[in-house]
Amino acid sequence: MKRCAIEGVNLGGWLLLERWMTPSVFSGSGAEDEYTLSGQPGMKERIDEHRKTFITEEDWQWLSLNNVTHVRLPVGYWVLKGDGPYYNAKKYLDLAFNMAEKYKINILLDLHGLKGSQNGEMHSGRQGLVDWKRYKDIHLKVVESLAIRYKNSPSFWGLEIINEPRVWGNYFALLGYYRKAYKKLRKIVRPGTYIVFQDGFLPPLFSGTLSKRKDYPVAMDTHFYLIFPKLLQRMSATRYDILRKLLYASLVWTTRLNQPIIIGEWSSVLPQSFFDRVHRAKHMKLLRETIVRQRVMYKYATATFYWSYKTEGRGMYHYRSLVEDGVITR
């Protein structure tokens, strides 16, 4: 079975909080995002305890023992210096690179949350308005600072300059930001370090945005989630699988000639209706099959990253539990 050469995982919910992944951190606060949580009394200690315990050396050791050679690490723009209510996570990001070097794991550092929010979603750190364009100079400084800090680490595989931006009303601003960031970064990073931009769920629109310069590869990140539209929930598993293959084939042939593709996020999550149609004893088999099909489907990608390595509860977004339960095999 031919698969993508690099099959990694995301370390989501660690240095950028997502309530659904780690609800205990938000317990009793009423906060929906890290911005609101950080502004409440006594939360600095709670957030620090989470960062200290959610990912430890034992996790890096587990990744190494299970042949996971690459991780995508989401961070907010405040990770090095903090800003407003946000607390910096510099010592934990440094720790991540130290552990990655020790266990020979490569890191795709992902600027997951921008000042003002690039999509208005809670996983950007602050839900609500999309106001990132006012702060483009700050974002350029952040990616520059991250590149300078980690450029000499043998584990610094790449830097992703934005995550899932909202494209409507932002297209030309995104093009400008991508090109300025690439120009800055290729003067800093080691040759061979990937500089990754995002397609905003519209891959044909952004494909070819950046032209590779010698020794400074670019890649376009696309996220392949097909669980949300109601139409899909009424499909049979077979038709769903066919649709997914057609969509991905279209993506591959319309974009990969322009630049490599990275599947920065994917998962085994399926619409509940799919499980309702089969006996409970066959649920694990259904999950295993959908994972195998996706891994084969993504064979032309440069790298894939499962969302996510772990959550507080076991389940389809918890890569480690799926491996331990025999659903995913390396």
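Observations on the model:
- Residue match in the range 129-136 (condition: touching a strand residue (DSSP E or B) at 6+ places or on another chain (Cβ under 9 Å), within 13 Å of residue 76 (Cα to Cα) and not charged (D, E, K, R)): no
- Condition met for residue 311 (at pLDDT 95 or above, under 25 Å from residue 17 (Cβ atoms) and assigned to a loop (DSSP other than H, G, I, E, B)): yes
- Any pair with Cβ under 9 angstrom, 6 or more apart, that starts in the range 7-22 at a residue that is over 20 Å from residue 83 (Cα atoms) and ends at one that is assigned to a strand (DSSP E or B) and charged (D, E, K, R): 8/72; 9/72; 10/72; 10/110; 10/265; 11/72; 12/72; 12/265
- Contact map, the range 23-50: first residue surrounded by 19 or more Cβ atoms within 10 Å (Cβ to Cβ), second residue charged (D, E, K, R) and at pLDDT 95 or above, Cβ cut-off under 6 Å, separation 6 or more or different chains; pairs are 26/19; 33/126; 35/126.
- Identification of helices (runs of 4 or more DSSP H) wholly contained in the range 1-95 with 2 or more residues that are in contact with a Gly (Cβ under 7 Å, 6 or more places away or on another chain) and at pLDDT 95 or above yields 34-38.
The values are calculated or read from the model by the stated rules, or taken from the named source; none is laboratory data. Here the structure is a predicted model, which means the values were calculated and not measured. No Cβ is skipped: glycine too gets one built from the backbone with ideal geometry, and neighbour counts run over all protein chains shown.
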